[in-house]
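Asker: My structure is below; once you've seen it, I'll send some questions.
The values are calculated or read from the model by the stated rules, or taken from the named source; none is laboratory data. As the structure is a prediction and not an experimental result, all values here were calculated from the model. Note that we place each Cβ from the backbone using ideal geometry, even for glycine, and neighbour counts take in every protein chain shown.
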Amino acid sequence: MNKEKIQNALEELVDPSNEKTLKETGGIKFISVEDDKNSVNLVIALEKIDDNFKHQMTRSIAKVIKLDLKFTGVKIDYELLKRSDSILAKDNKIKYIGIASGKGGVGKSTVAANLALAFKRLGKKVGIIDADIYGASIPTIFDMEISLPKADENEKIIPFNAQGIEIISTEFFMKKDTPLMWRGPMLGKMLNHFFYDVGWDKDLDYVIVDLPPGTGDVAIDIQKLIPECEILIVTTPHTSASHVAVKAGFAAKELNHKIIGVVENMSFYKHGDTIVPIFGEGGGRIVADKLETDLITQIPIGQPISGHHSLFDMKEDIGVTYLGLANKLIR
């Protein structure tokens with residue numbers, strides 16, 4: 001049985017703490033099916049959590065999952081529904097841009113960081129959510145010191161700030177060089193913390209979401225949290241990268257995200273007046289054509305003159321390229 005059928009069945013249930021359906025509140029935060037155990041894992045958000053409300057909700061869910069849908073088991077984690085005091089509040093005018101790729105190593109996070117920096121240079125207020133949970137690298141790209149975040153007077157997590165950009169990442173919650181070995185429900189909980197429990201500047205213009213490569217649980221969770229998120233697909237010119245990037249693009253479309261274009265990273269190396277296509281040619285165009293979108297820009301291979309390993313200055317051609325990309329997205 002697919003998740004969509006479970007979602008549709010649960011959406012009609014009523015949150016006993018506010019008498020609204022889970023569809024109205026967006027209270028279904030995570031669904032996974034363990035086929036080997038014939039059981040379902042859920043994360044459900046209620047407006048108010050106490051034992052009575054949880055007991056009522058658990059009984060209603062168990063009836064649907066076990067009696068109606070014929071699963072043998074269900075595990076439910078509850079959390080507070082906190083949309084009203086988060087950056088997901090309906091009155092927020094933030095534009096979300098998800099940076100996606102089919103595979104790792106194509107420079108997706110580097111594109112995310114430099115795009116955020118370009119928006120900042122154009123006078124926009126920007127935040128970055130490092131949603132690449134297993135391969136978080138945004139703090140490293142910005143040369144940030146890793147330390148546990150602090151809380152404000154409202155018990156909201158204070159986002160870190162680098163070059164005027166607000167940033168949150170799993171890197172700040174983990175010991176150095178410690179691998180993250182979480183399954184789906186834990187990933188969903190961490191994403192919820194990033195959106196609900198961080199004291200973001202309410203005047204942010206853009207939030208860049210650095211997505212994990214591929215088409216796993218995080219991409220599905222992002223769709224539930226921010227269905228209006230627009231997606232930028234990153235690939236290299238090599239056909240092996242473009243082949244997988246197409247899949248990531250179609251997955252985004254399947255989740256009803258709007259794809260705003262393709263960025264071909266590491267497109268070529270420029271030596272004097274000679275252009276050398278180190279990783280081949282045409283990958284970005286292939287992806288754009290198959291996804292029926294635009295190849296927005298091609299970013300060459302290069303090292304920042306500042307000595308920084310990933311962020312490009314406005315004095316550099318690549319920095320200007322990122323500025324052009326940001327301008328196109330603003331328009």
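Asker: Determine, yes or no, whether GLU24 is under 30 Å from LYS125 (Cα atoms) and either modelled with pLDDT under 90 or not small (Gly, Ala, Ser) (or both).
Answerer: In short, no.
Asker: Report yes if LYS37 is of a type outside the set (Gly, Ala, Ser), in a loop (DSSP other than H, G, I, E, B) and not assigned by TED's automatic domain parsing to the domain that holds PRO227, otherwise no.
Answerer: In short, yes.
Asker: Considering only the stretch 112-130, state which residues are closer than 24 Å to ASP221 by Cβ and touching a Ser or Thr at 6+ places or on another chain (Cβ under 9 Å).
Answerer: Correct list: ALA113, ILE128, ILE129, ASP130.
Asker: I'm trying to understand the selection: among the residues of the stretch 104-157, which are surrounded by fewer than 16 Cβ atoms within 10 Å (Cβ to Cβ) and aliphatic (A, V, I, L, M)?
Answerer: The answer is LEU122, ILE146, LEU148, ALA151.
Asker: Quick check on the stretch 21-34. Is at least one of its residues more than 17 Å from LYS224 (Cβ to Cβ) and exposed (fewer than 13 other Cβ atoms within 10 Å of the Cβ)?
Answerer: Looking through the stretch 21-34, none of the residues is more than 17 Å from LYS224 (Cβ to Cβ) and exposed (fewer than 13 other Cβ atoms within 10 Å of the Cβ).
Let's see how each residue does on (1) hydrophobic (A, V, I, L, M, F, W, C); (2) under 18 Å from ALA326 (Cβ atoms):
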residue: ASP217; (1), (2): no, no
residue: ILE222; (1), (2): yes, no
residue: PRO277; (1), (2): no, no
residue: THR297; (1), (2): no, yes
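Asker: Going through the stretch 131-172 one residue at a time, which ones are under 17 Å from ILE94 (Cα atoms) and acidic (Asp, Glu)?
Answerer: Hit for the stretch 131-172 is GLU166, nothing else.
Asker: Can you go through HIS257, HIS271, HIS243, HIS238 and tell me which one is over 30 Å from LEU88 (Cβ atoms) and surrounded by 17 or more Cβ atoms within 10 Å (Cβ to Cβ)?
Answerer: HIS238
Asker: Test each condition in (1) in the same structural domain as VAL207 (by TED's automatic domain parsing); (2) over 30 Å from PHE279 (Cα atoms) for LYS75 and report the one that comes out false.
Answerer: The single condition LYS75 does not satisfy is (1).
Asker: When you check ILE61 against the structure, is it crowded, with 17+ Cβ neighbours inside 10 Å, modelled with pLDDT of 90 or more and either assigned by TED's automatic domain parsing to the domain that holds ILE220 or of a type outside the set (D, E, K, R) (or both), yes or no?
Answerer: Answer is yes for this residue.
Residues checked against (1) touching a residue at least 24 places away in the same chain (Cβ under 8 Å); (2) at negative phi; (3) of a type in the set (Lys, Arg):
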residue	(1), (2), (3)
ASP77	yes, yes, no
LEU80	yes, yes, no
ALA112	yes, yes, no
LEU115	yes, yes, no
LYS125	yes, yes, yes
ALA131	yes, yes, no
GLY135	yes, yes, no
ILE138	yes, yes, no
ASP143	yes, no, no
